[in-house]
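Asks: Sharing a structure, written as structure tokens. Questions coming.
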């Protein structure tokens, strides 16, 4: 009875440990390797299902962006929109405020722009109309973001669900108003098609050139804001620990509201450049799903706006490529094209696991402990 029984504890074969530090070149090497693996897996899928030459399919996929100057420029237009929304999400996500409401904030910004164009388009000089459109869209987007921010700051509500539900409210508001405006027509059509009041002027032959310039400026400004300003420092501290932030004397509630005002304002601006600089209309699909895709862009870039440019470009190339191969090959329909892009995204996202964690097998772990 008095004898003690010893149980042998068997070490698991695999340990997953968090990386404390990884060099930048090694992280990018892992990302590049993940893309190469994704291309190999897709090549096997393409050949086994359709018998097509994977290299030719990839060539056609790239042509979706680079086949012509127009294709490239319209791709840059879409990169600018996706990047703009990602820039908007960066400060909120860095603060660990999960703003899933970018779609709704973009919609409300676009709706405010459309309201100004429809009701004030012929009553203002062009420069004043533009200023009013920008101001209205920024205010609308900021309002749509600050509502859940106030509830989070005061009553600790779940910002993920709150911002997500705000998307559906925005969709229904836009759907209701566009139904009123279009009347018996089958679609909304272009706003002020005859007068072009509120349309961005052409620059270098295209209206969306202004979109690209605006987003490039925002890219630099947001990078400086997050990296070199006091507000950016507070955002980083709150993201690490709210308790630490309070101990350091940071007003967390004020920072949450301020950051979401900025986030929503930029989303609203994205709605403005979409309506006035892209298609001159408003619908429930104005954001085009980019409000959710931008989450991937911001997260993969670790909230660095210059890295966001590269990631947004890659995602748009994949999107355009999927459309191109679906139209070029009868055996590769939209679903097959989506599988190809989905596999690439899966591997890119999966690479982040190996960047942040390392897998250590039992034998290697024993050697490391012996050496220590």
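Read the figures in this text as sums done on the coordinates, not as results from a lab. Since this is a predicted model, take the numbers as computed values, not measurements. Here the Cβ is made from the backbone with ideal geometry for all residues, glycine too, and neighbour counts use every protein chain on show.
Asks: Relative contact order (percent) for the chain, with alpha-carbon contacts under 8 angstrom and 6 or more residues of separation?
Replies: Relative contact order here is 34 percent.
Asks: Using a 10 Å cut-off on Cβ atoms, rank the peptides 184-193, 120-129, 84-93 from the highest mean neighbour count down. Kindly include the intermediate steps, with their values, before the conclusion.
Replies: Values: 184-193: 11.5, 120-129: 13.1, 84-93: 28.9.
With the highest mean Cβ count within 10 Å placed first, the list reads 84-93, 120-129, 184-193.
Asks: Relative to the longest principal axis of the chain, what angle (0 to 90°, nearest 10) does the C-alpha long axis of helix 24-50 take?
Replies: Helix 24-50 sits roughly 80 degrees off the main axis of the chain.
Asks: Specify whether the C-alpha gyration tensor of region 235-284 places it in the rounded, prolate or oblate class, a ≥ b ≥ c being the square roots of the eigenvalues: rounded for a/c under 1.5, otherwise prolate if a/b is larger than b/c and oblate if not.
Replies: Cα axes put region 235-284 in the prolate bin.
Asks: Under the classification rounded if a/c is under 1.5, otherwise prolate if a/b is larger than b/c and oblate if not, where does region 94-166 fall, given a ≥ b ≥ c as square roots of the Cα gyration tensor eigenvalues?
Replies: In terms of gyration-tensor shape, prolate.
Asks: Label region 269-336 by shape, choosing from rounded, prolate and oblate, from the square roots a ≥ b ≥ c of the eigenvalues of the Cα gyration tensor; if a/c is under 1.5 it is rounded, and otherwise prolate applies when a/b is larger than b/c, oblate when it is not.
Replies: oblate
Asks: May I pose another question? Whole angstrom only: what separates the Cα centroid of region 278-327 from the Cα centroid of region 43-61?
Replies: 24 Å
Asks: Could you sort the peptides 311-321, 348-358 by per-residue average Cβ neighbour count (10 Å cutoff), highest mean leading?
Replies: 311-321, 348-358
Asks: Related question: Tell me the angle of helix 230-240 to the major Cα principal axis of the chain, expressed in degrees between 0 and 90 and rounded to the nearest ten.
Replies: The answer is roughly 50 degrees.
Asks: Further question: What's the angle, to the nearest 10 degrees (0 to 90), between helix 126-155's Cα axis and the longest principal axis of the chain?
Replies: Here the helix axis deviates by roughly 40 degrees.
Asks: Just order 104-113, 260-269, 133-142 by mean Cβ neighbour count inside 10 Å, highest at the front, would you? Let's see the in-between values first.
Replies: Numbers: 104-113: 31.3, 260-269: 27.8, 133-142: 23.8.
Per-residue mean Cβ counts within 10 Å order the peptides as 104-113, 260-269, 133-142.
Asks: Among (1) 58; (2) 38; (3) 49, only one was calculated for this model; which label is it, if the read-out is percent of Cα pairs over 30 Å apart?
Replies: Here the calculated entry is (3).
Asks: Suppose R0 equals 45 Å. What FRET efficiency, 1/(1 + (r/R0)^6) with r the Cβ-Cβ distance, do residue 175 and residue 251 give to the nearest 0.05?
Replies: Efficiency computed from Cβ-Cβ geometry: 0.70.
Asks: Using just the helices of the chain, give the 222 nm mean residue ellipticity in deg cm²/dmol: DSSP H runs with n ≥ 4 each add -39,500 (n - 2.57), and the total is spread over all residues, rounded to 500.
Replies: -24500 deg cm²/dmol
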